[in-house]
């Protein structure tokens, strides 16, 4: 009987783009919060 | 509360208990009970991470803060996204691949058993007490505003949480967290709708924000460098970074959440979900508080939102003075209402037009007058009752819910407050049981027992910590306003805890003695800073930075003088033998 192949070790996903996106979203969020205070202040 | 509200709360509690018990019905071994056999999807873990952090204190206290102080509180979260990136690259894959049940388990492998035990004891003490506070805060508020017995409210939150956490373990915790987050988001959406619909004819949501903005309620970011202010851009970015690194990276109540994910990449995604969502979510909760401020410009609210001492003051010799303040408050409230209406109408003009400037100045003065009466009333309450920490910000949002939310939605909001308290405390109970069993019972007293025995003991530990938290909640309720002091308790420990993990992961020369002494030195320094008369005014957010830096420096120095780390055990990950 053929043996089931052993599970391959999980490959680490490259999340560099996601990390960059987190930083961009944070900068945009802070900018939006500053603008909120300026526009409604 | 009317019949439909009671029905909604009853249906919520039944649904949560039933689904919690059902989610964990197949949990019959230790790995399933504490790590869900590493099978949960990233989005469920991500929601659970956020639900554990979002307690009823956050929900009710944050809206109250925004009502009184504006949106500055959001800055505390500025370090969180950066912390999530750092953790995603460092500790998350490390813990996951090491196969640990608790974060502290790794410290024994890297250093020694005494460092692991100290870290775990600090976690148990700090998290055990804070779990009590998490239950106490909404219990006190609900008991005061609804007139319920405090023991009833504590048990209404505590007992269902203990039941499903004890029976279902981490699977029950995670899946109920998901449902509770949905309840919270839906309820907050309904509150915002009621707030906007409650504005008078001719005043739009934009006008309401303009009015609130004219008295600084929308100034979210403050770039001033001031160590004594809790909420600035810099304290949020640096202090908040260390706080988030420590909370999400070394606090078992969070580490356990992402250890349940189906893969290391899922664990990372679950944390990165918070990195994207947390600041906007918190900003929305704060804007709800700002809208509550605008709502109460046009809809009458009591002079003081916290009615706990009102009877005592009215029975005292200064009752006439208090009643005089109430009459003055009514007058000033009416003047401010007129000024707010005029400002809303002037908002349609050019902002620099003389009429618009005059309307803004008139509203600022009227709002200042109302604030001054409220301050005098609060001072009178403090003088009469000797409750020097009396304040009423935490009662603003519950007052709105109970006075202005329509039937059914009021029940939904109460269910949301219960959800926030239950989701935060269930994750904590589960983590407290894990640390008790894995770091002490299995490590020190019963190393080779069968899984069934550990599972049974885990359920007993969950029950013990649940009852302990309820007892702490009852005691904290009697402390009254001291609850806010206890709330900042975590920052006394977080920095030093983070320091130990930095020593473990980022240095190879540190030995167990160095880490242990560094940990104690960090704790001692932070306690000194927090309570010394000359330094206690420094914002608690900086305690996280101080604790981490002192722990790392002392740890490395002591290691240097105690022979360093001859085996140079470093950062390699792998199953713990």
Please give the FRET efficiency for residue B:338 paired with residue B:89, using the beta carbon to beta carbon distance and R0 = 45 Å, rounded to the nearest 0.05.
0.20
Stokes-Einstein D for the stretch B:309-386 at 37 °C, 0.692 mPa s, Kirkwood Rh over Cα pairs, in µm²/s?
235
Per 10 Å bin from zero, what fraction in whole % of the C-alpha pairs of the stretch B:490-577 is there, up to the bin with the longest pair?
20, 43, 25, 10, 2
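Please say if the stretch B:293-430 is rounded, prolate or oblate, where rounded means a/c under 1.5 for a ≥ b ≥ c the square roots of the C-alpha gyration tensor eigenvalues, and otherwise the choice is prolate for a/b larger than b/c and oblate otherwise? Intermediate values should be presented prior to the final figure.
Details: a/c = 2.34, a/b = 1.25, b/c = 1.88.
In terms of gyration-tensor shape, oblate.
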Is the stretch B:181-276 best put as rounded, prolate or oblate by its Cα gyration tensor, with a ≥ b ≥ c the root eigenvalues, rounded for a/c under 1.5, and otherwise prolate when a/b is larger than b/c, oblate when not?
oblate
In nm, to one decimal, how far is the modelled label at residue B:148 from the one at residue B:15, with both set 7 Å along Cα→Cβ?
1.7
Label 7 Å along Cα→Cβ of residue B:345; the stretch B:209-238 residues with amide nitrogen under 17 Å?
B:211
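Enter the mean number of other protein chain beta carbons within 10 Å of the beta carbon of each residue in A:15-21, as an integer.
Taking all residues of A:15-21 together, the mean is 4.
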Pseudo-spin-label distance residue B:205 to residue A:25, built 7 Å along Cα→Cβ, given in nm, is 2.1
How crowded by other chains is A:27-35, given as the mean number of beta carbons from other chains within 10 Å of each beta carbon?
5
Taking 7 Å along the Cα-to-C-beta vector as the label spot, tell me the residue B:407-residue B:509 distance in nanometres, rounded to one decimal.
7.4
In whole angstrom, note down how far apart the Cα centers of the stretch B:385-414 and the stretch B:309-325 are.
21
Multiplying the sequence separation of residue B:372 and residue B:1 by 0.36 nm and subtracting their Cα-Cα distance, what value in nm do you get?
130.3 nm
Isotropic mean projected area of the C-alpha convex hull, the stretch B:359-501 (nm²)
15.1
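What translational D, rounded to a whole number of µm²/s, comes out for the stretch B:290-346 from Stokes-Einstein when the hydrodynamic radius is the Kirkwood one over Cα pairs, at 20 °C and 1.002 mPa s?
Values: Rh = 12.9 Å.
Answer, rounded: 167 µm²/s.
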In whole Å, how far is the Cα centre of the stretch B:184-242 from that of the stretch B:123-162?
27
Can you pull the semi-axes for the protein assembly as shown, root of five times each eigenvalue of the Cα gyration tensor, sorted largest first, whole Å?
44, 27, 24
How far, in nm, would the chain grow between residue B:444 and residue B:284 when pulled straight, counting 0.36 nm per residue and subtracting the alpha carbon separation?
52.9 nm
Highest average packing first - B:520-526, B:13-19, B:47-53, Cβ atoms within 10 Å
B:47-53, B:520-526, B:13-19
Debye equation applied to the C-alpha atoms of chain B, log10 I(q)/I(0) at 0.12, 0.13 Å⁻¹:
-1.19, -1.36
Calculated over the stretch B:64-208: convex hull of Cα atoms, volume per residue (Å³)
185
Evaluate peptide B:214-224: per residue, the Cβ atoms of other protein chains within 10 Å of its Cβ; return the mean as an integer.
4
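Would you mind putting B:256-266, B:151-161, B:24-34, B:320-330 in packing order, based on average other-beta-carbon counts within 10 Å, highest first?
B:256-266, B:151-161, B:24-34, B:320-330
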How would you order B:116-125, B:404-413 from highest to lowest mean count of nearby Cβ atoms within 10 Å?
B:116-125, B:404-413
Starting from 0.36 nm per residue, how many nanometres of slack lie between residue B:315 and residue B:277 once their C-alpha separation is accounted for?
8.8 nm
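Values in this text are rule-based calculations from the coordinates and carry no lab data. Nothing here was measured: the structure is a model prediction, and the numbers come from that model. Note: ideal-geometry Cβ built from the backbone for every residue, glycine included; neighbour counts use all protein chains shown.
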